[in-house]
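The values are calculated or read from the model by the stated rules, or taken from the named source; none is laboratory data. In this text the structure is predicted, and so the values were computed from the model without any measurement. No Cβ is skipped: glycine too gets one built from the backbone with ideal geometry, and neighbour counts run over all protein chains shown. Surface areas here come from the heavy atoms of the whole protein model, side chains and all, with no ligands, DNA or RNA. Shrake-Rupley method; radii C 1.70, N 1.55, O 1.52, S 1.80 Å.
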Amino acid sequence: MSKRKVTTLGQFIIERQDDFPYAKGELSRLLRDIGIASKIVNREVNKAGLVDILGEDGTVNIQGEHVKKLDVFANEQFISALTCGGECCAVGSEENEHVVDIRSDVSKNAKYVVAIDPLDGSSNIDVNVSIGTIFSIYRRTSLSGPGVLNDFMQRGTEQVAAGYIIYGSSTMLVYTTGRGVNGFTLDPSIGEFCLSHPDMKIPKQGKIYSINEGYYVHFPDGIKKYIKYCQEEDDKTNRPYSSRYIGSLVADFHRNLIKGGLFIYPSTAQAPKGKLRLLYECNPLAFIIEQAGGKASDGYRRILDIQPTDLHQRTPIVIGSHDMVSKVEEFLRKHSPVVAV
Ligand code: AHM
Ligand code: MG
């Protein structure tokens, strides 16, 4: 009986270490640290309905949104794993207004900084819908001392690695270091992420569009017209498309990555810069989608080319199957020609 070889995340990272001769194993250790923290967060997310950790803790984060206890827990876990691991000198997190200096005796010479949304889609925790963690790794640009804001003000093209964890019907970790995208599923019986989706590619054209249509009246004309286009009947282009919107970015993104499709969070009349954050939501997913053969744009320009100016800056985003993103850009250029930033 032939058995398929199981490759754990740890083995895979070691096997791929030669891709980064200059990194001397630091990046591998950093990815491993994130993997460890995600297993602890996964354990808590899984029992969220059972214990008193569920629900709002009453505080409001710097974006003015309610913080759930699990957001706080996840933030602490990732920061603690990165601090103990010693390969990261500073963290930029959705949960912290400022850059967090995590240097210690072990990490004082660390070369990397990590931008992270520790638990995205937290409004879905109470209703048992998939949530996720999104992370992005940069080489620091400052030479010594504490990691500073400027270390994070790098274009997405400078990312060394990026990934996400989806806490769903199964838990997966998907990441890229710029050499393709690989997905690992957590086998709870052995507590290991095992390679389940090697070299992930998104279909060039999909049949799913994901957008919060409840805000339709506030969308730019180009987006309104694109939504109508998705709903029209046309055999040649396989329309109408299906509409799927979970409202949990990682879950919507992950489904579209596997099946083909498009996720849009555009500018709206109330939020001209959209809702999602460039550094720890849009850039990491843009890096992954490009590595998988897809495309990510703010409607007018490549997400990865945007120069950040603020740790928590927002951007509109159109991300997914290559040809679908290009089509949205066409609609925006034609019907909403002003750059909405
Ligand atoms: P969060 O970081 O506060 O969890 O918000 C981000 C989430 C994304 O997961 C999701 O794509 C989006 O907000 C949904 O927003 P909306 O409810 O406006 O459609
Ligand atoms: Mg978020």
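Within the range 168-195, residues that are without any contact (Cβ under 8 Å) to a residue 24 or more places away in the chain and over 21 Å from ALA48 (Cα atoms) sit with their Cβ atoms under 7 Å from residues that are open to solvent by 20 Å² or more (accessible area, probe 1.4 Å) and small (Gly, Ala, Ser), at 6+ positions apart or across chains, in these pairs: GLY183/SER196. With the condition kept exactly as written, say whether any residue in the range 323-330 is basic (Lys, Arg) and closer than 22 Å to GLU158 by Cβ. No, there is no match, as no residue in the range 323-330 is basic (Lys, Arg) and closer than 22 Å to GLU158 by Cβ. Here is a check on your reading of the model: is ASP187 buried (at least 16 other Cβ atoms within 10 Å of the Cβ), over 16 Å from ILE289 (Cα atoms) and acidic (Asp, Glu)? When the stated conditions are applied, ASP187 does not pass them.
For the residues LYS295, LYS259, LYS334, LYS275, the requirement of being in contact with a strand residue (DSSP E or B) (Cβ under 9 Å, 6 or more places away or on another chain) and under 16 Å from PHE219 (Cβ atoms) singles out LYS275.
Using the structure shown, decide if ILE137 is within 18 Å of the chain's Cα centre (by Cα), more than 15 Å from LEU249 (Cβ to Cβ) and not assigned by TED's automatic domain parsing to the domain that holds ASP33.
Working: within 18 Å of the chain's Cα centre (by Cα): yes; more than 15 Å from LEU249 (Cβ to Cβ): yes; not assigned by TED's automatic domain parsing to the domain that holds ASP33: no.
Judged against the criteria, ILE137 is not a match.
For the range 93-121, a tally of residues being open to solvent by less than 20 Å² (accessible area, probe 1.4 Å) and within 16 Å of ligand 2 (Cβ to nearest atom) returns 10. Taking the numbered list (1) of a type in the set (Asp, Glu); (2) surrounded by fewer than 21 Cβ atoms within 10 Å (Cβ to Cβ); (3) within 19 Å of TYR215 (Cβ to Cβ) in turn, ASP252 passes all entries but (2).
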